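**Student:** Below you'll find the structure I mean.
The values are calculated or read from the model by the stated rules, or taken from the named source; none is laboratory data. These figures come from a predicted structure and were not determined experimentally. When we count neighbours, we look across all protein chains shown, and the Cβ atoms used for this are built from the backbone with ideal geometry, even at glycine. Quick note on the areas: whole protein, heavy atoms, side chains included, nothing else; ligands and nucleic acids left out. Shrake-Rupley method; radii C 1.70, N 1.55, O 1.52, S 1.80 Å.
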Amino acid sequence: MLALGVKTPGEYLEHITTRGNRQAELHLLLLNEITIGETYMFRHPAQLEALRTVILPEIVKAKTALGFKKLRIWSAGCSTGEEPYTLAMFLLEEAQLQKWTFEILATDLNDNSLSTAKNGIYGEYSLRSTTELLRKKYFKPVDDKRLQAADTLKSLIRFDRVNLSDDSKMVFLKGLGIIFCCNLLIYFALASKRRVEQHFFSNLLPGGYLFLGHSESLYKVDDNFRLVHFPGTTGYLKPPWDMVRANHD
């Protein structure tokens, strides 16, 4: 309201609903102010362990049999980028993925957060769970308090602004092996959750996995996914074709 020079909530409501430049205000100011960006690197170690011990071996086996060695991962609601950079380091460190190519799609609604993510400059708060070995290997000093992600990591990540409620964009995010959407859908109404989950299911390849935040679930939201329990966490599996056929036989 201060930036626009309006004095009452009613006047502000009018500005974002009826004025000609309402979309600019929504995108550049309001959404950037109200979206929440709490995150840090290696925030969910149990999910990474599930990837290492169960999910990646499944994907490697299935794709190698078909002659493919490429993996696409989506970090939906990536905030300031700590999650996609975590995934980039994790993938590069995995011996079972040698000679594979990766693409990490990292999206968010907040333009300020995406700008921070693209710059890749972080302080101790974001790096507090990152080992000294990984810091030295994948970051370069900016000053005595901050490090910047190396091009080795940045080259694996494509940052983009995507609103999960925008069906026109969601339908084009196909061919994904794994989707991370942590601590985001808790802010969605049920109907919006269902629409987003339908897109997630459609965009995942058969045998792909969806990870949510620890306080989130698809209970009464979506019954297409299969809930899978891992030590310390859960994931949602899009059944492979052979499993789908078996259920229909």
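**Student:** Relative contact order for the chain: what percent, with Cα pairs under 8 Å and sequence separation of 6 or more?
**Tutor:** That works out to 18 percent.
**Student:** Right, another one. From the helices alone, meaning DSSP H stretches of at least four residues, give me the mean residue ellipticity at 222 nm for the chain, per-run term -39500 (n - 2.57), in deg cm²/dmol to the nearest 500. Display every interim value, and only then the final one.
**Tutor:** Details: 13 runs with 96 residues, N = 249.
After summing the helix terms and dividing by the residues of the chain, the value is -10000 deg cm²/dmol.
**Student:** While we're looking at this one, here's another question. Can you list the residues, at least 5 places off or on another chain, whose amide H is less than 5 Å from the amide H of LEU184, using H built in the peptide plane?
**Tutor:** Answer set, sorted by chain and number: GLY213.
**Student:** A follow-up question, please. Suppose a student asked you for the relative contact order of the stretch 82-226, using Cα pairs under 8 Å spaced at least 6 residues apart; what percent would you report?
**Tutor:** On the way: 157 pairs, mean separation 32.8, N = 145.
That works out to 23 percent.
**Student:** Convert each backbone phi in the stretch 57-71 into a coupling constant with the Karplus relation 6.51 cos²θ - 1.76 cosθ + 1.60 (shift: θ = phi - 60°), then list the ³J(HN,Hα) values in order as whole Hz, x for Gly and Pro.
**Tutor:** With coefficients 6.51, -1.76 and 1.60, one gets x, 5, 5, 4, 4, 5, 6, 4, 4, 9, x, 10, 9, 9, 10 Hz.
**Student:** Another question, then. For PHE159, which sequence-distant residues (separation of 5 or more, or a different chain) have an amide H within less than 5 Å of its own amide H, given hydrogens modelled in the peptide plane?
**Tutor:** For PHE159, the qualifying residues are ALA106.
**Student:** Follow-up. Hey, got a sec? Which trypsin sites (Lys or Arg not before Pro) in the stretch 64-105 land in a DSSP loop and have at most 16 other Cβ atoms within 10 Å? Could the numbers behind the result be given before it?
**Tutor:** Details: sites: LYS69, LYS70, ARG72, LYS99; in loops: LYS69, LYS99.
Taking the stretch 64-105 and a limit of 16 other Cβ atoms within 10 Å, the loop trypsin sites (Lys or Arg not before Pro) found are LYS69, LYS99.
**Student:** Of the listed peptides 3-15, 120-132, what is their order by residue-averaged count of other C-beta atoms within 10 Å, with the highest listed first?
**Tutor:** Values: 3-15: 11.8, 120-132: 15.8.
Final packing ranking: 120-132, 3-15.
**Student:** According to the Kirkwood expression over distinct Cα-Cα pairs, how big is the hydrodynamic radius of the stretch 136-231, in Å?
**Tutor:** 15.7
**Student:** If you take the square roots of the eigenvalues of the alpha-carbon gyration tensor of the chain and sort them as a ≥ b ≥ c, do you get rounded (a/c under 1.5), prolate (a/b over b/c) or oblate? Please report the intermediate quantities before stating the final value.
**Tutor:** On the way: a/c = 2.14, a/b = 1.25, b/c = 1.70.
Since a/c reaches 1.5 but b/c is at least a/b, the shape of the chain is classed as oblate.
**Student:** Between THR39 and residues 5 or more places away or on another chain, which pairs have amide H atoms under 5 Å apart, with H built 1.01 Å from N, and which residues are they?
**Tutor:** Those lying under 5 Å, H to H, from THR39: there are none.
**Student:** Between GLN96 and SER202, what FRET efficiency comes out of the Förster formula 1/(1 + (r/R0)^6) with R0 = 30 Å and r the beta carbon distance, rounded to 0.05? Before the final figure, lay out each step's value.
**Tutor:** Details: r = 28 Å, r/R0 = 0.93.
So the FRET efficiency works out to roughly 0.60.
**Student:** Counting only DSSP beta bridges with both residues in the chain, tell me the antiparallel percent, nearest 5.
**Tutor:** On the way: 12 of 32 bridges.
Of all bridge pairs located within the chain, approximately 40 percent are antiparallel.
**Student:** So what is the accessible area of the chain per residue, in Å², with the probe set to 1.4 Å?
**Tutor:** 54
**Student:** OK, next. Which of the three applies to the stretch 178-217, rounded, prolate or oblate, going by the alpha-carbon gyration tensor with a ≥ b ≥ c and a/c under 1.5 meaning rounded? Intermediate values should be presented prior to the final figure.
**Tutor:** Working: a/c = 2.91, a/b = 1.34, b/c = 2.16.
Since a/c reaches 1.5 but b/c is at least a/b, the shape of the stretch 178-217 is classed as oblate.
**Student:** A further question follows. Under a plain spin-label model, where a point goes 7 Å from the Cα along Cα-to-Cβ, how far apart in nm are LEU66 and MET1?
**Tutor:** Distance between label points: 5.4 nm.
**Student:** Give the cross-link partners of LYS140 among the aspartates and glutamates, using a straight C-alpha distance below 17 Å as the criterion and excluding same-chain residues fewer than 8 apart.
**Tutor:** GLU82, GLU124, GLU132, ASP151
**Student:** With θ taken as phi - 60° and the coefficients 6.51, -1.76 and 1.60, list the Karplus ³J(HN,Hα) couplings across the stretch 158-173 in order, rounded to whole Hz; mark glycine and proline as x.
**Tutor:** For the stretch 158-173, the Karplus curve yields 10, 8, 7, 8, 9, 8, 5, 8, 8, 4, 5, 8, 4, 5, 9, 8 Hz.
**Student:** Spin-label point model (7 Å from Cα, Cβ direction): what's the THR17 to VAL228 distance in nm?
**Tutor:** In this crude spin-label approximation the distance works out to 4.5 nm.
**Student:** What pairs from LYS63/LYS137; LYS69/LYS174; LYS63/LYS193 go past 25 Å between their alpha carbons?
**Tutor:** Too far apart for the 25 Å limit: LYS63/LYS137; LYS63/LYS193.
**Student:** Right, something else. How many percent of the accessible area of the stretch 185-232 is carbon or sulfur, using a 1.4 Å probe?
**Tutor:** Values: 1410 of 2630 Å².
Ligands and nucleic acids excluded, carbon and sulfur give 54 percent.
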